[in-house]
Every structure is written in C-alpha cells, then in structure tokens.
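Participant: Questions regarding the structure given below will be posed in turn.
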Amino acid sequence: MPGYLTRDRLAVLAGEAVPLALAAVLVPFRAAFPNTDAALAMLVVVVAVAANGDRLAGALAAVSTAVWFDFFLTRPYERFTITRRTDIETTVLLLVIGVAVTEIAVWGRRHYAIASRRAGYLDGINNAARAVAAGGSAPALIDQVSSQLAQLLSLRSCIFQYGVAGLGRPARLHRDGSVTLGNRRWAADSEDLPADTDVELLVGGGGIFQGRFLMTPGPGARPALERRLLAVAFAGQVGAALASSHPVGQR
C-alpha cells in the first residue's frame, strides 16, 4: 500500500506539472503546426497520468492540460482568453476527453484488482485441494484455511473446534452464503457481521460432521456474498481432508 500511495502522489504532481512543461516546450514551435496537433500531444500526458495514478491525478492532468493549452498555444498567446471558436472547442474537448480517459483508467484498474483478488482466491482453493489430494497434514491445512478465512472475511480471529456445533449460540454462515443468528436471517450484504457474537462455519465431508470454524468478525466486517461462498468452499476442503484422516462421527 505505501508504494501505491507514493505512486499516486507522484502522479498528482505529474498531472499538475507535466502539462505545463510540455506546453512550454511547444511554445517555440506553435506557429509551425496547428494547435490541434499540440492538443493531441498534450492529451498523451493525460493518458499517461491516468494510467499510472488515481482519479484525482487524472482529473488534475485534464484540467492542467486544458488550462496551459489555452494559455500557451491559443491566440492571444500568454493570456487566459480564447477568441476563435475552433480553439474553444479544442480546449473543451481536451478537458472532456481527459476526464473520460481518467474514468476509463479507474474502471480498468478496479476490474483488474477484482480479477487479481479472484485469482488469489482460486489459487488458495487449488492449494487446499492439492493438499487434500496429496494426503497432507490436516492440522496444517486447518491452520492455512484459518488464516485464509481471517483475511477473506475480515476476522479478528478464527479457530477450528473439533466435533462442536451451536455451542455458545453463535451466528452461523451457511452453505449458500447466508448468515443467521437464531431465527433471524442476517442481511449480510447490507449489514456488518454481528459484532457482539461469533460466527460459526460448520465443516463436514462425505456426510460426516467434523467440527466448526469459530470466527470473530473484525470491526465493520461486511464480506460480499462471493467471499462468503469462498469461505464455504475452503471449509469444504478441510471437511474432505478430515473425513479421510480424522472422522469424528455423525451429527
């Protein structure tokens, strides 16, 4: 995270300074080519900043580009005044396209981050499945899955208890991703997980009950349905491992 923060701060500075620097560089040549060509060159700066920074950096780059294009590259020069209609249109298009490019870049990074997280989740499930197939240590798999659940569901703690279900009347995370507390169905997509009680996730394999993960939600924990279903999948891998190595009994 600190690296991304540093990159975003640098992008903000670039969004403010680079359009000014580029416009100044183009000043000696402004009479030799149409200013629409200069506008295209300056738009490259907006694209570069938007691709490497956050929404603020891209928006600043778009505004800075439009301002310095007006000041240096439209007549009358060195004044914040535009007299020709085509120059007004070009300046407005610079601003609009710059903002649009920024939004597209933000959308792309967001979806890339979502895809990366999903790939990480699938890697975790695959690793657990390989551990089960290889007959690895069940306690080691439980520790691995406990850590993954804590990260996935924003938990303060997560422990596995053999042969226990319902003890302490905790909330329960079901196989369909729903959460219940007593007779109440928790609105898990719009409410934080219960802060005053633990949440249990039952574990079984091949029809054999094994135990539960007892999970303590952290402050503001509101995992999406996708994450809750992944938690159930992780628990299923543990159930498969325990069913072959440590059966507890039918419940």
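The values are calculated or read from the model by the stated rules, or taken from the named source; none is laboratory data. Note that the structure is predicted; figures quoted are calculated from it, not measured. A quick note on method: Cβ atoms are made from the backbone with ideal geometry, for glycine too, and the neighbour counts reach across all protein chains shown. For the accessible areas, the whole protein counts, side chains as well, though only heavy atoms, and no ligand, DNA or RNA atoms are used. Shrake-Rupley method; radii C 1.70, N 1.55, O 1.52, S 1.80 Å.
Participant: Has the range 84-96 got at least one residue that is closer than 30 Å to Leu153 by Cβ and in contact (Cβ under 8 Å) with a residue 12 or more places away in the chain?
Facilitator: No, every residue in the range 84-96 fails to be closer than 30 Å to Leu153 by Cβ and in contact (Cβ under 8 Å) with a residue 12 or more places away in the chain.
Participant: Here's another thing I want to ask about it. Which of the residues belonging to the range 200-234 are closer than 17 Å to Ala188 by Cβ, in contact with an Asp or Glu (Cβ under 9 Å, 6 or more places away or on another chain) and of a type outside the set (Lys, Arg)?
Facilitator: Scanning the range 200-234 gives Phe213, Met215, Thr216, Pro217, Pro219, Gly220, Ala221, Ala224, Leu225, Leu229, Val232.
Participant: On the basis of being outside any helix (DSSP H, G or I), over 37 Å from the mean Cα position of the chain (by Cα) and either under 18 Å from Glu16 (Cβ atoms) or free of Cβ contacts under 8 Å to residues at least 60 places away in the same chain (or both), does Thr81 make the cut? Full working, then the answer.
Facilitator: Values: outside any helix (DSSP H, G or I): yes; over 37 Å from the mean Cα position of the chain (by Cα): yes; either under 18 Å from Glu16 (Cβ atoms) or free of Cβ contacts under 8 Å to residues at least 60 places away in the same chain (or both): yes.
It is true that Thr81 is outside any helix (DSSP H, G or I), over 37 Å from the mean Cα position of the chain (by Cα) and either under 18 Å from Glu16 (Cβ atoms) or free of Cβ contacts under 8 Å to residues at least 60 places away in the same chain (or both).
Participant: Which ranges mark the strands (runs of 3 or more DSSP E) fully within the range 143-251 that have 1 or more residues being of a type outside the set (Lys, Arg), open to solvent by 40 Å² or more (accessible area, probe 1.4 Å) and modelled with pLDDT of 95 or more? Steps first, please.
Facilitator: Values: elements: 155-162, 171-173, 179-181, 184-186, 199-205, 208-217.
Result: 155-162, 199-205.
Participant: Give the range 56-81 a look and list any residue that's open to solvent by 50 Å² or more (accessible area, probe 1.4 Å) and closer than 13 Å to Leu43 by Cα, or say none.
Facilitator: Hits for the range 56-81 are Leu60, Val63, Val67, Trp68.
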